[in-house]
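**Student:** This is the structure I have questions about; it appears just below.
The values are calculated or read from the model by the stated rules, or taken from the named source; none is laboratory data. For clarity, every value in this text was computed on a predicted model and none was experimentally measured. Positions of Cβ are backbone-derived with ideal geometry, glycine not excepted, and every protein chain shown enters the neighbour counts. The accessibility values were calculated without ligands, DNA or RNA, using every heavy atom of the protein model including side chains. Shrake-Rupley method; radii C 1.70, N 1.55, O 1.52, S 1.80 Å.
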Amino acid sequence: MASTSAYPPPPPYYKLYKDFLENPDSAPAPPPVIEGMYTMFGSTYTTDDLLPSLEDQGLRQLYPKGPNIDYKKELKALNRELLLQVLELIDVLVERPSQYARRVEDVALIFRNLHHLLNSLRPHQARATLIHILEMQIQRRKQAVEDIRRYKIIACRRQSRVQICLKTCKEICSDLKILYISGGERKQGFCFKNH
């Protein structure tokens, strides 16, 4: 009977890096960057970050083509069309249940068009998110600069107060005299000058 370990040993790849601290060139080079088409988990992908058109996916596009699409208007129109198709689907299910398949396909087509239209807005969303993050960083840095300036003013005021106190202490110390009588015996501690 063979026993199995609850925690198997790591793969042997770590042995390739044993001399890395002494000689960084001893490690193997990283794999080349994948460009173009590649297969992962049985599906084919591409490194080109392009949104395929609905026609490429074999679907009919319900909104106008072109670069100047009014997204707000088209999303509202598709939403209204979706509500109408859902109501018609309910009507068909009540009156003619055997003919529901076409209505379900229409609803699915509208959902795919909505999804495609929303996905085409992703680059704009990413750009707006990045702009927002950068604006927040600028705002935090400006606030930090303002805090530093405010603390600098407070520190300068305290420094001037400390300098005034030191000056006053020096004047008081210069005015204080310790009187000694000959022979080093001290008879009087401090004597303040009269002004």
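**Student:** Could you list, ordered by first residue, the pairs with Cβ atoms under 6 Å in which the first is in the range 127-149 and among the hydrophobic types (A, V, I, L, M, F, W, C) and the second is surrounded by 10 or more Cβ atoms within 10 Å (Cβ to Cβ), at least 6 apart or interchain?
**Tutor:** That search, which allows pairs on different chains as well, returns nothing.
**Student:** If you don't mind, another one. Is it the case that the range 103-125 has a residue that's among the charged types (D, E, K, R), touching a helix residue (DSSP H, G or I) at 6+ places or on another chain (Cβ under 7 Å), part of a helix (DSSP H, G or I) and free of Cβ contacts under 8 Å to residues at least 40 places away in the same chain?
**Tutor:** Within the range 103-125 (the criterion being among the charged types (D, E, K, R), touching a helix residue (DSSP H, G or I) at 6+ places or on another chain (Cβ under 7 Å), part of a helix (DSSP H, G or I) and free of Cβ contacts under 8 Å to residues at least 40 places away in the same chain), the answer is yes, since at least one residue qualifies.
**Student:** Could you count how many residues in the range 72-86 are over 19 Å from VAL104 (Cβ atoms) and either touching a residue at least 40 places away in the same chain (Cβ under 8 Å) or open to solvent by less than 80 Å² (accessible area, probe 1.4 Å) (or both)?
**Tutor:** So the count comes out to 3.
**Student:** Got at least one residue in the range 93-111 being open to solvent by less than 50 Å² (accessible area, probe 1.4 Å), more than 27 Å from the chain's Cα centre (by Cα) and farther than 23 Å from GLY58 by Cα?
**Tutor:** Checking the range 93-111: not a single residue is open to solvent by less than 50 Å² (accessible area, probe 1.4 Å), more than 27 Å from the chain's Cα centre (by Cα) and farther than 23 Å from GLY58 by Cα.
**Student:** Since ILE69 meets every condition but one in (1) among the β-branched types (Val, Ile, Thr); (2) assigned to a loop (DSSP other than H, G, I, E, B); (3) open to solvent by 90 Å² or more (accessible area, probe 1.4 Å), which condition does it not meet?
**Tutor:** (3)
**Student:** For the range 4-40, give me each residue that is closer than 30 Å to LEU50 by Cα and hydroxyl-bearing (Ser, Thr, Tyr).
**Tutor:** TYR38, THR39
**Student:** For the range 1-45, which positions are surrounded by 10 or more Cβ atoms within 10 Å (Cβ to Cβ) and part of a loop (DSSP other than H, G, I, E, B)?
**Tutor:** LYS18, ASP19, PHE20, ALA27, ILE34, listed by residue number.
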